[in-house]
Amino acid sequence: MSVREEFDDWAAEGRDKGMEERHWHTAKHALARMPVEAGDVVLDMGCGSGYAGRALRDTYDASAVYGLDGSPEMTRNAADYTDDPQVGYVVGDFGSLPFADDSIDHVWSMEAFYYAADPHQTLEEIARVLRPGGTFYCAVNYYEENSYSHEWQANISIEMTRWDRDQYREAFRDAGLYVAEQDHVPDREITIPDADAFPTDDWDAREAMVERYRELGTLLTVGVAP
Amino acid sequence: MSVREEFDDWAAEGRDKGMEERHWHTAKHALARMPVEAGDVVLDMGCGSGYAGRALRDTYDASAVYGLDGSPEMTRNAADYTDDPQVGYVVGDFGSLPFADDSIDHVWSMEAFYYAADPHQTLEEIARVLRPGGTFYCAVNYYEENSYSHEWQANISIEMTRWDRDQYREAFRDAGLYVAEQDHVPDREITIPDADAFPTDDWDAREAMVERYRELGTLLTVGVAP
Amino acid sequence: MKESLLEILCCPLDKHDLELEDAEYDDAGEEIVAGTLVCSECGERYPIEDGIPNLLPPDMREETPA
Amino acid sequence: MKESLLEILCCPLDKHDLELEDAEYDDAGEEIVAGTLVCSECGERYPIEDGIPNLLPPDMREETPA
Ligand SMILES: Nc1ncnc2c1ncn2[C@@H]1O[C@H](CSCC[C@H](N)C(=O)O)[C@@H](O)[C@H]1O
Ligand SMILES: Nc1ncnc2c1ncn2[C@@H]1O[C@H](CSCC[C@H](N)C(=O)O)[C@@H](O)[C@H]1O
């Protein structure tokens with residue numbers, strides 16, 4: 001199945017809203033770190049329901065936020081959820097961004113980067129569209145150190161990139177981005193039941209759930225265009 | 001009083017250790033974000049007891065960490081606490097760094113930057129010594145939004161710079177640094193007593209203490225040299 | 001989509017400028033609701049559907065069934 | 001201080017290289033415990049005390065009372 005087919009289905013099933021709710025727990029903390037100034041143009045890559053772009057507009061008074069997604073249905077849903085005329089959507093693929101060189105101040109991406117067919121090429125595309133000094137905030141829950149995420153590949157037909165922390169930094173640098181920061185952003189909001197509730201349907205042991213959410217959390221890597 | 005006199009006194013009174021203990025609550029989270037690679041050279045500006053540099057060496061296998069401080073007594077204490085031959089100390093002033101251009105991979109500074117006599121000049125010095133892509137992690141508890149810190153100036157003879165978030169970002173950019181991140185790092189470790197313990201000696205209301213530590217916390221601004 | 005988006009959009013294949021054809025605007029005249037974006041270099045045509053430009057490379061784009 | 005530190009140290013005033021004079025080493029011969037760093041350009045002299053180089057600009061440096 002293609003990205004378009006797979007995620008059009010997700011959008012039709014309303015999974016965009018479920019992701020928004022779960023991802024917000026950590027995404028909001030990473031979004032709050034972004035050095036967006038009034039008047040900046042921000043790109044949300046793999047925007048899903050578009051919640052991150054809307055939050056950026058509300059918080060920073062960015063002059064425009066564009067959500068790019070490979071699934072037309074995702075962008076249609078996102079547009080439906082959006083009142084703000086300064087927020088727009090584009091159907092496009094991570095591998096060949098339809099934006100001019102140096103045209104974007106900051107790029108955000110949550111739980112989407114690893115779907116890129118060629119992640120190295122996608123990083124080069126990001127470095128190309130960013131203006132000098134622009135940042136790429138790349139947030140992922142699917143990564144090597146998060147062993148709990150490894151099984152996700154079995155549920156999806158698209159091949160996912162599973163890098164570890166070091167590979168993220170190295171790939172950013174190979175694409176010409178400086179690495180400014182790497183961090184695990186914990187999810188402190190998901191409810192972790194008391195020990196006697198375990199095993200649950202999803203978790204054998206409480207310690208595993210604590211490790212997954214409170215310690216590993218979301219891996220954030222921040223790149224800066226030279 | 002000069003920086004040397006003021007902080008030599010602090011060092012003699014053992015206040016370096018007290019600061020280390022308090023500052024570690026937030027410093028460790030910011031240190032953990034730094035993109036230091038094995039073999040990098042890191043500078044700790046205003047190192048005090050030197051705990052941050054030692055932690056960087058232990059965590060990242062940096063090839064060398066240098067603690068710079070304007071107080072000879074502080075560096076002497078720091079050297080006493082240090083076994084690691086790859087960690088060294090230098091007495092020097094923020095305003096005229098004794099390091100060659102592009103000689104440092106990353107600069108760290110906790111609760112020290114605002115003592116610089118001319119903070120703009122200090123930022124230019126930092127931009128000068130950093131190699132392209134090197135980062136400056138600047139962490140402060142004394143800043144405009146943290147109203148609880150304003151009274152500190154009354155207790156010290158050195159004039160302190162009290163910028164707000166925007167001023168930090170703007171000054172970094174004026175000095176030619178890209179701004180990659182800005183964040184409030186909460187102190188989740190300091191014990192906040194139950195409501196009925198208030199007023200305490202230091203705090204009128206529990207809400208104020210919560211705001212100071214859990215919300216405002218330490219202001220972190222990350223710059224990247226072009 | 002707003003016309004201002006055109007300033008930064010480009011052809012995903014060769015990164016050349018796009019030209020707007022057959023544009024239909026909303027009642028306020030602020031949003032382009034339908035039309036075609038045409039690459040000024042390679043001539044590739046990209047549809048605007050429901051106000052959202054589809055700039056997938058042609059081999060990844062499939063026509064939405066009617 | 002280690003000799004390797006000399007590779008990146010410079011005169012705080014004019015940023016020129018420093019030369020090591022009158023160096024005393026520890027028993028292992030690995031650490032410089034005393035000596036003077038001299039600017040190759042302006043000739044300003046900076047002491048190494050207890051193994052720690054004092055590179056404060058001269059007007060900020062005061063001799064530690066004996
Ligand atoms: N190669 C590709 N090009 C463009 N979008 C892609 C893509 N691969 C995956 N996507 C999109 O990336 C999204 C991943 S789901 C994450 C959505 C959102 N950022 C959130 O945090 O909830 C999906 O909407 C999917 O359509
Ligand atoms: N202009 C200046 N040049 C060099 N060091 C300075 C300075 N102004 C202040 N300092 C040093 O900065 C330190 C501030 S106290 C903070 C110490 C340590 N970073 C910690 O987190 O605990 C003191 O050791 C003081 O001597």
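Laboratory data are not the source of any read-out in this text; all were calculated from the coordinates shown. Fair warning: this is a prediction, and the values are worked out from it, not measured in the lab. Positions of Cβ are backbone-derived with ideal geometry, glycine not excepted, and every protein chain shown enters the neighbour counts.
Considering region A:15-38, and only residues there that are surrounded by fewer than 19 Cβ atoms within 10 Å (Cβ to Cβ) and within 13 Å of another protein chain (Cβ to nearest Cβ), the residue that is farthest from ligand 2 (Cβ to nearest atom) turns out to be A:ALA38. So, C:LEU18, is that one within 12 Å of chain A (Cβ to nearest Cβ) and surrounded by 20 or more Cβ atoms within 10 Å (Cβ to Cβ) or not? So C:LEU18 passes the test. Sort through A:ALA62, A:ALA38, A:ALA11, A:ALA52 and tell me the only one that's touching a residue at least 24 places away in the same chain (Cβ under 8 Å), outside any loop (DSSP other than H, G, I, E, B) and within 30 Å of B:THR221 (Cβ to Cβ). Among A:ALA62, A:ALA38, A:ALA11, A:ALA52, only A:ALA52 is touching a residue at least 24 places away in the same chain (Cβ under 8 Å), outside any loop (DSSP other than H, G, I, E, B) and within 30 Å of B:THR221 (Cβ to Cβ). Which of the residues belonging to region A:107-151 are within 13 Å of ligand 1 (Cβ to nearest atom) and either hydroxyl-bearing (Ser, Thr, Tyr) or within 14 Å of chain B (Cβ to nearest Cβ) (or both)? Of everything in region A:107-151, those that are within 13 Å of ligand 1 (Cβ to nearest atom) and either hydroxyl-bearing (Ser, Thr, Tyr) or within 14 Å of chain B (Cβ to nearest Cβ) (or both) turn out to be A:VAL107, A:TRP108, A:SER109, A:TYR114, A:TYR115, A:THR122, A:TYR137, A:CYS138, A:ALA139, A:TYR142.
Table: residues versus (1) closer than 24 Å to A:LEU130 by Cα; (2) more than 10 Å from every other protein chain (Cβ to nearest Cβ); (3) not in a loop (DSSP other than H, G, I, E, B).
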residue	(1), (2), (3)
B:GLN153	no, yes, yes
B:MET160	no, yes, no
B:GLU170	yes, no, yes
B:ALA180	yes, no, yes
B:GLU189	no, yes, no
B:ILE192	no, yes, no
B:THR200	no, yes, no
B:ARG212	no, yes, yes
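Applying a threshold of 7 Å to beta carbon distances and a minimum spacing of six or more residues, or different chains, the list of pairs starting in region C:47-63 at a residue that is more than 8 Å from chain A (Cβ to nearest Cβ) and ending at one that is buried (at least 17 other Cβ atoms within 10 Å of the Cβ) and in a loop (DSSP other than H, G, I, E, B) reads C:ILE48/C:MET1; C:PRO58/C:GLU44. Do we have any residue at all in region B:111-127 that's within 23 Å of D:SER4 (Cα to Cα), within 14 Å of ligand 2 (Cβ to nearest atom) and not in a helix (DSSP H, G or I)? No - not one qualifying residue is present in region B:111-127.
Going by what's in this entry, would B:ALA79 be described as away from ligand 2 (no atom under 12 Å from the Cβ) and part of a helix (DSSP H, G or I)? Yes, satisfied.
Residues of region D:11-31 that are free of Cβ contacts under 8 Å to residues at least 12 places away in the same chain and closer than 17 Å to B:ASP93 by Cβ: D:LYS15 alone.
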